[in-house]
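First up is the structure itself, then whatever we jot down about it.
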Amino acid sequence: MNIALIGLGSMGYNLAKNMVSKNYQVNAYEKNKLIVESINNDNIKNLCLLNTTKELIDKTPSPRIILLSLPANKIDKCISDLINYLNPKDIIADLGNSLYLHSIEREKLLKDHNISFLGIGISGGPRGAKDGPAIMVGGSKSAWENVRCIFEDISAKIDNKSACCYFGSAGSGHFVKLIHNGIEYALMQGLAEISNILEHAYNMDNDLRAKKFEEILKTQSSSFLLKITSEIISAQNNNSQYFIDEVDNKIEQNGTGIWAIKAALELGVSIPSIYEAVSTRSLSNNFKQKSKVNNNDQILSEKIDDVEIPLEEIIFFNFACSLYQGLNLIKKSNVWDFFDYNIDDIFQAWSAGCILQGDYINFISQKYENHKNLNFEFLHSLIEEKCSKKFKLIREFNSNGIRSGLPCPVLSSNLAYYDLIFSNHKIGETIQLQRSFFGLHPIKSKKDDNKIKPYWTKL
């Protein structure tokens, strides 16, 4: 396959550099003249820039794969422009953060023109794109077999395995990527909440918090996100000011978290930590409100050295619960006739190169190898093995944050998620009786499925 690439932003350009480093010839088009000028100055061998999409197609003989590294809202227009130039043996691959439903529609459109389509989720950011990303693929199986060597060559590797998987029908690769992003939101915010509690409830400065996080990098709770968090909270500018004290607190988002929530609602799957993380990003527009909560009076009186903080277990518990919610959503999506996921493949795709990568996910993947069933018993076994001896302290850490007036919606939602599943309570029974009372909704016995008819059902 001959390679044509449209879009040389930070992701597209670094993917191109990755490909040419593996001895592939890449013809490319970028409409932004400033980007083109900068790339020309780099003078990269085997990367040829063309002036128009028509020139790009003419320069790249068929059979060819046209890689689209563009914003999601630019994909359809680009495909429309390309259709008349392509041959039946050609492949269009969307490498952006597209909605999986759009990928399904695009495959149908291109199939009518005898052109193959691949929807490919790429994780790892620009650095991952250059050095080896995680790659999640859906679309034409025959097209994938023709080009898989390219993507396996440029993908991240661990234990001689590529973090590159084909998941099946169009949309499947982008669905895995959007759930990956939803989990990513939850893990990022979980670490931010933990850092905030350590700072304000335990009186730890930036450097001490960074040191505490660095220590966890030597454990099975280690991750890429933990590594960069340990770095950024102590990073300073040229004037010795901490970036964390300067940066604006409005959180941007690209929409994939919202799509994950919509899918969960449609499938009836609970993903509370992902929801809370997305909700916080929306609420961050209001973070600049004048503080009306005094959270400076609740700093623990004990010396830091005298307080046991099971940081490894706190991080693992929250990572495991958030990861499980996302994986469970992928598993439940198999009820749709266009998806048929194997959880082992998800673990492989996320094993290296992506934002979720880390020792924690490798540990969970190894445990899954033995369990082979993604159910609540599997989640319970993970938490029991890693956190049971410190569970009271995990709760105390969360409680200290709340008592100090510190927001911790992701940490709290993970505890609530776990307790709703594994503790004894009468929440379900109470709500069922409430519904019965005001709506006369039928209820049944938990013992034998027989209907229960309380006195208020007799009008």
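Quote the FRET efficiency, to the nearest 0.05, computed for Asp131 versus Gln236 with a Förster distance R0 of 25 Å and r equal to the Cβ-Cβ distance. FRET efficiency, Asp131 to Gln236: 0.45. Taking label positions 7 Å along the Cα-Cβ direction at both Phe376 and Lys33, the computed distance is 6.2 nm, reported to one decimal. The charge dipole of the chain, taken about its Cα centre with unit charges on the Cβ of Lys, Arg, Asp and Glu (plus for the first two, minus for the last two), comes to roughly 1160 debye. Heavy atoms of the protein chains alone define the surface here; on that basis region 1-138 has 46 Å² accessible area per residue at 1.4 Å probe size.
The charge dipole of region 174-295, taken about its Cα centre with unit charges on the Cβ of Lys, Arg, Asp and Glu (plus for the first two, minus for the last two), comes to roughly 240 debye. Ligands, DNA and RNA left out, the accessible area of the chain computed with a 1.4 Å probe is 49% carbon and sulfur.
Placing a label point 7 Å from the Cα of Asn46 along the Cα-to-Cβ line, the residues of region 1-19 whose backbone N sits under 15 Å from it are 1-5, 14-19.
Taking K and R as +1 and D and E as -1, what net charge do the other residues with C-beta under 13 Å from the C-beta of Gln325 add up to? Could you put the intermediate results ahead of the total?
Values: positive: Lys331, Lys332; negative: Glu184, Glu276.
Around Gln325, the charge tally is 0.
Between Lys211 and Lys288, what is 0.36 nm times their sequence separation minus the Cα-Cα distance? Round to one decimal in nm. Spell out each step's value before the answer.
Details: separation 77, 0.36 × 77 = 27.72 nm, distance 2.90 nm.
Result for the pair: 24.8 nm of gain on full extension.
Here is the link list: Lys31/Lys177; Lys426/Lys446; Lys108/Lys130; Lys22/Lys54; Lys331/Lys392. Which ones come out longer than 20 Å on Cα distance? Show your work: numbers first, answer last.
On the way: Lys31/Lys177 27 Å; Lys426/Lys446 12 Å; Lys108/Lys130 31 Å; Lys22/Lys54 26 Å; Lys331/Lys392 31 Å.
Over 20 Å apart, Cα to Cα: Lys31/Lys177; Lys108/Lys130; Lys22/Lys54; Lys331/Lys392.
Go ahead and run the numbers for FRET between Tyr85 and Gln25, Cβ-Cβ distance against an R0 of 25 Å, rounding to 0.05. That pair, Tyr85 with Gln25, gives E of 0.85. Under the convention that each Lys and Arg Cβ holds +1 and each Asp and Glu Cβ holds -1, the size of the dipole of region 303-459 around its Cα centre is about 1080 debye.
Please give the contour-minus-distance gain from His441 to Asn114: 0.36 nm per residue of separation, less the Cα-Cα distance, rounded to one decimal in nm.
Separation in residues times 0.36 nm, less the Cα-Cα distance, equals 112.5 nm.
Residue separation of Lys141 and Ile421 scaled by 0.36 nm, minus their Cα-Cα distance, works out to 96.9 nm of gained length.
The values are calculated or read from the model by the stated rules, or taken from the named source; none is laboratory data. None of these values were measured; they are calculated from a predicted model. When we count neighbours, we look across all protein chains shown, and the Cβ atoms used for this are built from the backbone with ideal geometry, even at glycine. When the accessible area is computed, the model is the full protein with side chains, heavy atoms only, and any ligands, DNA or RNA have been set aside. Shrake-Rupley method; radii C 1.70, N 1.55, O 1.52, S 1.80 Å.
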